[in-house]
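Undergrad: One structure follows; several queries about it will come next.
Coordinate-derived values only; no laboratory data. Keep in mind that what you see is a predicted model, and the values were worked out from it rather than measured. Note that we place each Cβ from the backbone using ideal geometry, even for glycine, and neighbour counts take in every protein chain shown.
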Amino acid sequence: MLLVSKTGSENLPRIVTCRDLRKEFVTAGKTTPIVSGVDLDVFEGDYTVLMGGSGSGKSTLLYLLSGLDKANAGTVSFAGEDLHKLSERAQAQLRREGMGFVFQAFNLIPTLSLIENVRLAGLLGNQDSLEATSMEILRDLDLADHASKRPGQLSGGQQQRGAIARALINNPRMLFADEPTGALNSAAGEAVLDLFDRLSTRGQSIFMVTHELRAACRGDRVLFMQDGGIKGDFRFADHPGKTTDRESLLFNWLTEQGW
Amino acid sequence: MLFTALAGKGSLEKPVHTLLRDLNAAEVTFTLDARAYDVEAVLNWWAEQAEVAALASPRAILAPPARPRSGDRELGSTILLTERSRDDTSIDSLRFQAGQETAAPKNSDIWIPSSLAAANELTIGDTLEVAVDGQVIMFTISAIVVDPQYSSGFLSPVRSWVAPGSLATFSRPGKLNEIQVSVALYEGASADALWDRFKAHLGGGFSGTALTRSTVLASYAQSIGILTALIMLFGVLALIVAVFIITSTVASDVTANYRNFGILKAIGFTPGNMLGAYLLQYAILAAVTTGLGFALGFLSTNALTSLMLSSIGGSLSPTVYGEAALPALPVLGLLIPIVAALVARRASRINAATAIRFGAPPTESSSTPWPNIVVAKGVGLPAVLALKELLTARARDLFDGVALTLTGAVILFAINVYQSTLDLGDNLPFWGLDGSDVRLTRDLSPAFGIAYERLREQLNDHREVATSGGILNAKASLLTQDQSSFDIDGHVIDGNLNHLGYLNLEGRNPQSSEEISIGYPLADRFGIALGETISLHLRGQRLEFRVVGIFQGTSNGGLFYRCTLSGAQRAVPFLEPSELILKLHDRSTRGDFIARLQQELGQAAQVETSEKLVESQLAQVAGGLGSVLSAIALSLLAIAGTSILNSTSMGIEESKRQLGVYKALGMTAGQIRGIKLCKALLLACLGAIAGALLYSTLATGLMNSMMHGAGMREFPLTTDHGRSLLMPALLAFIALLSAWIPSQRITRLPARELILSD
Ligand SMILES: Nc1ncnc2c1ncn2[C@@H]1O[C@H](COP(=O)(O)OP(=O)(O)OP(=O)(O)O)[C@@H](O)[C@H]1O
Ligand SMILES: [Mg+2]
């Protein structure tokens, strides 16, 4: 088996790029900067993990990078397209075909069955032979038996894997995930992370926000965010060592960053 | 709306009473033929009665048979020229709506009642041309007055006042035989009892027309009663819808705050506390809305009152409204919090642990494999998602559907009732009239008149004429079991009643001189059954009749009879119809025929379409009914709109995260909005279909029961399919509009806020 070793970032093409990205929220007349001047390159095929304390602006950054939210200043480009210059319709088109999303929880449409949730995304992405591909992807994620169940009839882990299936149906260039294991028990969380590993090995680009160490260890690259800025950028490949040590390796690095 | 309904009845009746009292309207007004009665003696008799407070000096009157003209128009009703004496101030005072108030009109001036002015768009300075005995007299309208007895617009001929002594100048001597006597009674005296005594004094019957205050009130109440019944009905519907809305609002509020309730419980709130919080919240809301409703009710009742009573210049006094509407206050004030509390009980039963961890339990609904979402490729994703949302419908959507259904049914009802009333040309027999096409009113003066028999023969010679007949309007008194008499109105008919198109609810038309048919209100009131024999006083003679038919009709509220000419001639051998009616072979050529006939007959008779006679009165009923029904339909439309607005915005609020997910999946804001719009449109379609079904099952029965008191048991309700299409259009419009407004928010919210909202 070929072990894809991802070393220097300079070997990989960029998929998401942002420069001097800023976002602030106005609450009760007071302006609070949440993302303050982030410069970042996310690479194709990379499994990027964004960590940071609660309220440090991780989710905000993810939404900005995917165009679900608009920045106050700075630029973001996705696959070479300047998101801020795209019309709303073009952005929607880009999301349909180029991005997949997985959120913390409860994000399947409750009025649709599992397979319909997947097909909905497929329809939006103009997939052909949707009936077959949607079933195939569910089978791949071990959900075939639950295809016609409604989200309410599924366990949290099953729902989350269903959401991943939905996110993957259009073969997105980037899979965005905001704390995908946050609402799951450890076994179900582990299964989701295993799935991400599998996808990553297949070459799927992943951008995952998490505050769990054991989840972050699965990535190729870990970004550390603090007070609205990227404070640290860690790549496992730059620290060759035993895989079992990944957790302590990362823990030590994070502690250095002030985690 | 409930307020309006409750208050409406009281408020509409009150001003009429007040008006009659304020203007000191005569309790009894009757006309007397000076040739038949000793006027002096009659007046003396009345003056001697203990109940009589005042007796107006007798007024000379003249009732020209033809309708007056103004410019090139003909008025909708005939008038009763009445001399106003200068001392005529104690009884039948007038309220001047326009024009100079003087003691009596000047020569060649005329005062007309407001209803006549309004119905015919007459104003001060217009001229009225009245044909009297072959000459045309010109009057100038110098005042428009509220004449308590005649301003309802339902009495005909309409009393109009002219200068004292003027009638004699343009009427040939010997023609001016009729006088009008007005009697005012002391408070509490019974006009009916007195009237009976008067008839007994005359020896059993009185031949002349009489108008008692109860008849006047009935003429006002007829329209008011129907309208308030209608408003009441829809007020109750509105209340049901309000309960729906509260229920769904509270239910959704509980769902939205489920986690908070869990937390409240965790920090020591008792179920009672939480229920109390809801109760308080909605009690405040109830107080505010009930107050608002009370105020709005006043405004709408006021609008309704002035609409209905514009002819008498009545307006609503706040105290009258207060008295009438007060009973509804506690009902509404209590209902809202009680409904809220019932629904909110769910909040108090929340399991704190699960609520905090998982929020509200998902609404379990069965899976809907149909339609397969893949069909969205063809029909559009928003439509399919909307259908899916509807198929897993929540109570709220059902309420919207119910509201739309009711609205749809009422709109159809309004359109078709209005239309059916206007279509009366085809339905005259249903309204208790004959089915003729053309009507002739004879000029009875010897100078121009043609004898009845000759005229009828002359008419029968026309090949267009299929059947002809004659009608005479004749008041009579029914002798009741206890030997008292009851005044009724009726038609003496010459000709074959079956051929002339008269209809009956039961039995058949009278054929022989001993047979009679009567209106069902009369039959019900005195327990008269088919086959029974009744006694009538007609022109001073007592006649026996066998009842062979029972019919419906709004004339005189259904207290009406029909008998044959030969039957009435048993009392007065030379009795002659004053009108002739014709049924044509081909109705479509009617216009030409009428013109030719008028040419041929000249002054001898006035020729017109049969419906002309009732047109203006029924147009008034239709107008009133139409405006009230459309007001109700509009309010219901507003309610349905609000309900959809409410549930759409709550739906968006509750499922923000879902909308955010749609956005993340790459749906444009327009598509997401499209789901809400499609859903509203689908609901409108369902509402239109259900509304049409509801209308078709209930409308006829509803209309019949509402018209029952007015003398109609089988209302000729016809459905105008073309105009009915307005209903789905209106429903779709209101549904789309009310979904469109709140769904604007979808386009404004960034996905982040949608997905992370919690
Ligand atoms: N719509 C908003 N209006 C005002 N402030 C906001 C808004 N959204 C987020 N914030 C604030 O921005 C900050 C960053 O939020 P964000 O969700 O990005 O944090 P996070 O790093 O994802 O935290 P967590 O790990 O808890 O998810 C928080 O302090 C939050 O209160
Ligand atoms: Mg976050």
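Undergrad: In terms of modelled amide H atoms, which long-range or inter-chain residues lie less than 5 Å from the amide H of B:Ile471?
TA: B:Asp494, B:Ser578, B:Glu579, B:Leu580, B:Ile581
Undergrad: How big is the shadow of the Cα convex hull of segment B:553-659, averaged over all directions, in nm²? Walk me through the numbers before you get to the answer.
TA: On the way: hull surface 56.2 nm².
The orientation-averaged projected area of the Cα hull of segment B:553-659 comes to 14.1 nm².
Undergrad: Let me ask something else. What size of dipole, in debye to the nearest 20, comes out for segment B:429-614 about its Cα centre when the only charges are +1 on Lys and Arg C-beta atoms and -1 on Asp and Glu C-beta atoms?
TA: On the way: 18 positive and 24 negative charges, 14 e Å.
Rounded to the nearest 20 debye, it is 60 debye.
Undergrad: Now for a different question. Calculate the mean, over all residues of peptide A:67-75, of how many other protein chain Cβ atoms lie within 10 angstrom of the residue's Cβ.
TA: 2
Undergrad: Which pairs, out of A:Lys58/B:Lys265; B:Lys377/B:Lys676; A:Lys58/A:Lys149; A:Lys23/B:Lys377, put more than 29 Å between their alpha-carbon atoms?
TA: A:Lys58/B:Lys265; A:Lys58/A:Lys149; A:Lys23/B:Lys377
Undergrad: If you don't mind, another one. Give the distance, in whole Å, between the Cα centre of segment B:104-172 and the Cα centre of segment B:687-715.
TA: Here the two parts' Cα centres lie 40 Å apart.
Undergrad: Classify segment B:429-614: rounded, prolate or oblate, from the alpha-carbon gyration tensor (a ≥ b ≥ c, eigenvalue square roots; a/c under 1.5 rounded; otherwise prolate if a/b is larger than b/c)?
TA: Verdict is prolate for segment B:429-614.
Undergrad: About its Cα centre, what dipole magnitude does the protein assembly as shown give when the only charges are +1 on Lys and Arg Cβ and -1 on Asp and Glu Cβ, stated in debye to the nearest 20? Could the numbers behind the result be given before it?
TA: Working: 85 positive and 96 negative charges, 632 e Å.
With only Lys, Arg, Asp and Glu charged at Cβ, the dipole is about 3040 debye.
Undergrad: Search the structure for amide H atoms under 5 Å from the amide H of A:Ile34, placed 1.01 Å from N in the peptide plane, and list their residues when 5 or more places away or on another chain.
TA: A:Lys23, A:Glu24, A:Phe25
Undergrad: For segment B:632-646, take each phi angle, set θ = phi - 60°, evaluate the Karplus expression 6.51 cos²θ - 1.76 cosθ + 1.60, and give the result in whole Hz per residue in order, putting x for glycine and proline.
TA: Taking θ as phi minus 60°, the curve returns 5, 4, 5, 5, 5, 4, 5, 5, 4, x, 4, 4, 5, 4, 4 Hz for segment B:632-646.
Undergrad: Within 10 Å, count the other beta carbons around each residue, average over each peptide in A:48-59, B:429-440, and list them highest first.
TA: Those peptides, ordered most packed to least, come out B:429-440, A:48-59.
Undergrad: When the chain is fully extended, how far beyond the present Cα-Cα distance does B:Thr533 get from B:Arg197, taking 0.36 nm per residue of separation?
TA: 118.5 nm
Undergrad: Using DSSP to define loop residues, name the GluC sites (Glu not before Pro) in segment A:150-259 whose beta-carbon has at most 12 other beta-carbon atoms within 10 Å.
TA: Working: sites: A:Glu190, A:Glu212, A:Glu247, A:Glu256; in loops: A:Glu212.
Within segment A:150-259, no GluC sites (Glu not before Pro) qualify (loop, at most 12 other Cβ atoms within 10 Å).
Undergrad: If you count, for every residue in A:88-99, the Cβ atoms of partner chains within 10 Å of its Cβ, what is the mean?
TA: 4
Undergrad: Long-range amide H contacts for B:Thr140: which residues qualify at under 5 Å (H placed 1.01 Å from N, peptide plane, sequence gap of 5 or more or a different chain)?
TA: B:Asp109, B:Ile110, B:Leu128
Undergrad: Applying a 10 Å radius around every beta-carbon, put B:705-717, B:34-46, B:553-565 in order of their mean neighbour count, most first. Spell out each step's value before the answer.
TA: Numbers: B:705-717: 18.9, B:34-46: 14.0, B:553-565: 22.6.
Answer by packing, highest mean first, reads B:553-565, B:705-717, B:34-46.
Undergrad: Now a separate question. For the protein assembly as shown, rounded, prolate or oblate, judged on the Cα gyration tensor with a ≥ b ≥ c (square roots of eigenvalues), a/c < 1.5 rounded, else prolate if a/b > b/c?
TA: Judged from the Cα gyration tensor, the protein assembly as shown comes out prolate (a/c at least 1.5, a/b above b/c).
Undergrad: Moving to a separate point now. For B:Thr642 and B:Leu391, what is the calculated FRET efficiency with R₀ set at 30 Å and r taken between the beta-carbons, to the nearest 0.05?
TA: For R0 = 30 Å, the calculated efficiency reads 0.75.
Undergrad: Each residue of segment A:177-184 in turn: what ³J(HN,Hα) in whole Hz from Karplus with 6.51, -1.76, 1.60 and θ = phi - 60°, glycine and Pro shown as x?
TA: 9, 9, 6, x, 9, x, 9, 10
Undergrad: Excluding same-chain residues fewer than 8 positions from B:Lys612, which aspartates and glutamates have a Cα within less than 18 Å of its Cα?
TA: B:Asp72, B:Glu74, B:Glu121, B:Asp423, B:Asp426, B:Asp434, B:Asp437, B:Asp443, B:Glu579, B:Asp592
Undergrad: Could you give me the ³J(HN,Hα) list for segment B:559-574, computed from phi with Karplus coefficients 6.51, -1.76, 1.60 and θ = phi - 60°, whole Hz, x at Gly and Pro?
TA: Along segment B:559-574, the couplings run 7, 8, 10, 9, 9, 7, 4, 5, x, 6, 5, 4, 8, 10, x, 9 Hz.
Undergrad: Can you give the mean number of other chain Cβ atoms that lie within 10 Å of the Cβ atoms in peptide A:115-126?
TA: Mean shielding count: 5.
Undergrad: Could you tell me the relative contact order of segment B:429-614? Use alpha-carbon pairs under 8 Å, at least six residues apart, and round to a whole percent.
TA: Value for segment B:429-614: 35 percent.
Undergrad: Calculate, in nm to one decimal, what B:Glu40 and B:Ser214 gain on full extension: separation in residues at 0.36 nm each, minus their alpha carbon distance.
TA: Full extension from B:Glu40 to B:Ser214 adds 60.0 nm.
Undergrad: Between B:Val181, B:Ala119, B:Phe96, whose Cα lies farthest towards the positive end of the dipole of segment B:28-188 when Lys and Arg beta carbons carry +1 and Asp and Glu beta carbons carry -1, centred on the Cα centre?
TA: Projecting each Cα onto the dipole axis, the largest value belongs to B:Ala119.
Undergrad: Among B:Tyr662, B:Pro148, B:Ile550, flag the residue with its Cα farthest along the positive direction of the charge dipole of the protein assembly as shown, charges on Cβ as +1 for Lys/Arg and -1 for Asp/Glu.
TA: B:Tyr662
Undergrad: Rounded to the nearest 20 Debye, what is the dipole magnitude of segment B:28-188 about its Cα centre when Lys and Arg each give +1 and Asp and Glu each give -1 at the C-beta?
TA: The calculated dipole for segment B:28-188 is roughly 380 debye.
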